[in-house]
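Input: a single structure, listed below in structure tokens.
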Amino acid sequence: NLADADSGTITAVEHRAAGAFLPDTRNRIVQGGRNILVFTHGFANAFDSAIKRAVYNRAWFAASGVTGAETTMVTFSWPSEGAVVAVPPHFLGDAYRADQARAGASGYHLSLFLAEIGVLRTMLKQRNPAARVILLAHSMGNYALQAGVQSYCTTQPQPAVLFDDAVLAAADEVETSFETPGGGRLSALPSIATRI
């Protein structure tokens, strides 16, 4: 329901696999030949909220009527506590810092996810060379992203472009992230994203 970003119900989780998508799942993602929208959520979004928000974002873009805005959504959910306020006597700052630590600790898993995005991009481009892969990282999802980009780019000898566009919406990240030496934080993002 586009009038309510928190609407919707998750009825099932299918095609579970550790560390990579199953071949059938990959095929289902790329078979339509549509652009792929890769999303990672922000602060205080537990798994169900993150998935609902991802589906809402996909539907919102599709409703725009803009060519190419009808996408296939792929989402990375890091383990947010899903709460704005921590259990008393802790308050907002504590909940925020705890989620930030969880997001930053997701680097290894996000780097595996990025490798899967590379596989999907290759498959998609073979099917539809004009198709695009777009990253939308929201808020604290950027903190998870920096850890994943750093991990991914340091393990790939020459990382390939994964994203045609990377949108870092309301990025919750340190201001010098793109200037970090040695491929740290988001300084390597330009090597895997054509436009940021």
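Listing for the model above:
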| item | result |
| --- | --- |
| Positions within segment 1-42 being in a loop (DSSP other than H, G, I, E, B) and either touching a Lys or Arg at 6+ places or on another chain (Cβ under 7 Å) or of a type in the set (S, T, N, Q) (or both), in sequence order | Asn1, Ala5, Asp6, Ser7, Gly8, Thr9, Thr11, Gln31, Gly33, Asn35, His41 |
| Odd one out for Arg53, checked against (1) over 28 Å from Arg185 (Cα atoms); (2) among the basic types (Lys, Arg); (3) touching a residue at least 40 places away in the same chain (Cβ under 8 Å) | (1) |
| The lone exception for Arg58 - which of (1) open to solvent by 50 Å² or more (accessible area, probe 1.4 Å); (2) part of a loop (DSSP other than H, G, I, E, B) it fails | (2) |
| Condition check for Gly82: within 17 Å of Leu37 (Cβ to Cβ) and either crowded, with 17+ Cβ neighbours inside 10 Å or under 18 Å from the mean Cα position of the chain (by Cα) (or both) | no |
| Of residues in segment 153-162 being closer than 26 Å to Ala101 by Cα and out of contact with any Ser or Thr (no Cβ under 7 Å at 6 or more places or on another chain), the one most open to solvent (accessible area, probe 1.4 Å) | Thr154 |
| Tally, over segment 1-13, of residues that are among the charged types (D, E, K, R) and under 19 Å from the mean Cα position of the chain (by Cα) | 1 |
| Residue among Ala59, Ala50 that alone is touching a Leu at 6+ places or on another chain (Cβ under 8 Å) and within 27 Å of Asp24 (Cα to Cα) | Ala59 |
| Whichever residue in segment 31-50 is free of Cβ contacts under 8 Å to residues at least 60 places away in the same chain and touching a strand residue (DSSP E or B) at 6+ places or on another chain (Cβ under 8 Å) and, among such residues, is least open to solvent (accessible area, probe 1.4 Å) | Ala50 |
| Among the residues listed as Ala3, Ala18, Ala63, Ala12, the single one being exposed (fewer than 12 other Cβ atoms within 10 Å of the Cβ) and modelled with pLDDT of 95 or more | Ala63 |
| Given (1) surrounded by fewer than 22 Cβ atoms within 10 Å (Cβ to Cβ); (2) in contact with a Pro (Cβ under 9 Å, 6 or more places away or on another chain), index of the condition Ala103 fails | (1) |
| Residues (in contact (Cβ under 8 Å) with a residue 60 or more places away in the chain and surrounded by fewer than 19 Cβ atoms within 10 Å (Cβ to Cβ)) located in segment 163-196 | Ala170 |
| Condition check for Arg34: among the charged types (D, E, K, R), under 18 Å from Ala171 (Cα atoms) and at pLDDT 90 or above | no |
| Residues within segment 112-152 that are in a helix (DSSP H, G or I) and open to solvent by 20 Å² or more (accessible area, probe 1.4 Å), tallied | 13 |
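The values are calculated or read from the model by the stated rules, or taken from the named source; none is laboratory data. All values derive from a computational prediction rather than experimental measurement. Using ideal geometry, Cβ is built from the backbone for each residue, glycine included, and neighbour counts are taken over all protein chains shown. All accessible areas refer to the heavy atoms of the entire protein, side chains included, with ligands and DNA or RNA removed. Shrake-Rupley method; radii C 1.70, N 1.55, O 1.52, S 1.80 Å.
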